[in-house]
Amino acid sequence: MYAIVEIAGQQFKVERGNKVYVHRLEANEGAKIEFDKVFLLDNGGKISIGNPTVEGAVVAATVISHLKGDKVIIFKKKRRKGYQKWNNHRQSLTQILIQGVLAKGDKLESELTAERKVRTQGPVKKAEVTSETAVEKKAPAKKAAAKKAAPAKKAAAKKVTKKKED
């Protein structure tokens, strides 16, 4: 299943699992976003063409990171006129991961699996551990390890001094 969708003023052909670089989006990293301007939808050989968009079709995605593209060099020159102009540019981009292409009434697979897990699992019991007991258990272990390490360091220092005297 694939779709032709408009993201940030550009059209992309996307499928589930694709990573796409688009113009910078106003979403935070890790945010889930949806694009509803789907112009064409191919669902297992059944093609739906929008007029201008396919009704109810949505592309779900997750923002992976914000980054800058490669440096583009702009150099202008006119021969024998003494005119040279140098400029650089790096485009701000957002990398997104396509989670799924959804037709009207479809749900995302990860949402379906989460619903199944909730139905199959019973209530989860949480272990009751206070922060004080956890600190008390860790403290003696650290002290014992420090005591064992201290004599070993002194013995190593004595061996080094003996070698220098010989």
Residue-span extension gain [Asp70 to Ala27] - 0.36 nm each, minus C-alpha spacing: 13.3 nm
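For the cross-link pairs Lys32/Lys104; Lys37/Lys71; Lys13/Lys71, which exceed 21 Å when the distance is taken from alpha carbon to alpha carbon? It would help to have the intermediate numbers written out before the result.
On the way: Lys32/Lys104 19 Å; Lys37/Lys71 30 Å; Lys13/Lys71 25 Å.
In this structure, Lys37/Lys71; Lys13/Lys71 lie more than 21 Å apart at Cα.
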Formal net charge of residues neighbouring Val14 (Cβ-Cβ distance under 14 Å; K, R +1; D, E -1): -1
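Listing Ile96, Ile73, Ile49 from the residue with the fewest other Cβ atoms within 10 Å to the one with the most, what is the order?
Numbers: Ile96 26, Ile73 8, Ile49 12.
Result, fewest neighbours first: Ile73, Ile49, Ile96.
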Label-point separation in nm, Gln11 to Asp106, each point 7 Å along Cα→Cβ: 2.0
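Let me make sure I get this right: for the range 1-59, a, b and c are the square roots of the gyration tensor eigenvalues over alpha carbons, sorted descending. Under 1.5 in a/c it's rounded, otherwise prolate if a/b > b/c, else oblate. Which is it? Before the final figure, lay out each step's value.
Numbers: a/c = 2.10, a/b = 1.67, b/c = 1.26.
Verdict is prolate for the range 1-59.
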Contour excess over end-to-end distance, with Cα ends at Glu55 and Lys77 and 0.36 nm allotted per residue: 2.9 nm
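Where a number appears in this text, it was derived from the coordinates with a stated rule and is not lab data. Not measured: the values here are computed from a predicted model. In this analysis, Cβ positions are derived from the backbone assuming ideal geometry, glycine residues included, and neighbour counts consider all displayed protein chains.
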